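Shown next, in structure tokens, is the structure this report addresses.
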Amino acid sequence: MLYCQEMNTFGENIKRERKMCGLTQSELAAKMGITQQQLSQWECNKFEPTVTSIVSLAKALDVSYDDLFDGIE
């Protein structure tokens with residue numbers, strides 16, 4: 001029997017890691033120096049962050065890049 005591994009989106013991973021850190025969108029956005037709306041757009045997969053923003057996300061959340069890209073093909 002084959003099992004399907006659920007695929008994640010980058011936005012879902014950001015949201016999961018943010019919640020694991022106990023941060024609101026506003027708190028994480030402030031920590032990164034961006035707007036809450038911008039972070040919301042990333043989490044909703046409307047826009048993808050730049051490489052520089054991904055580096056900032058990983059630092060602000062204290063996670064590895066692998067954590068942010070987990071389950072994405």
Fill in: Where the chain is the region considered: accessible area per residue in Å², 1.4 Å probe
70
Discussion item. In whole percent, and with a 1.4 Å probe on the protein chains, what portion of the accessible area of the chain is carbon and sulfur?
Written reply: 52
Practice prompt. Report the equivalent ellipsoid semi-axes for the chain in whole Å, largest first, defined as the square roots of five times the eigenvalues of the gyration tensor built from alpha carbon atoms.
Written response: 22, 12, 11
Practice prompt. Calculate one ³J(HN,Hα) per residue across the range 39-48 by plugging θ = phi - 60° into the Karplus curve 6.51 cos²θ - 1.76 cosθ + 1.60, and present them in order as whole Hz with x for glycine and proline.
Written response: 4, 4, 5, 5, 5, 8, 6, 7, 9, 9
Item to complete: Please report the relative contact order for the chain, taking Cα pairs under 8 Å with a sequence separation of at least 6, and give it as a percent rounded to a whole number.
Response: 45
Worksheet item: residue 23 to residue 47: extension gain in nm, 0.36 nm per residue of separation minus the Cα-Cα distance?
Response: 6.6 nm
Response to the item:
FRET efficiency (residue 36, residue 69; Cβ distance; R0 22 Å; to 0.05) is 0.45
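The values are calculated or read from the model by the stated rules, or taken from the named source; none is laboratory data. On a predicted model such as this, the values are computed, not experimentally measured, just so you know. With ideal geometry, Cβ positions are generated from the backbone for all residues, glycine too; neighbour counts draw on all protein chains shown. Just so you know, the surface numbers come from the protein's heavy atoms only, side chains and all, with ligands and any DNA or RNA stripped out. Shrake-Rupley method; radii C 1.70, N 1.55, O 1.52, S 1.80 Å.
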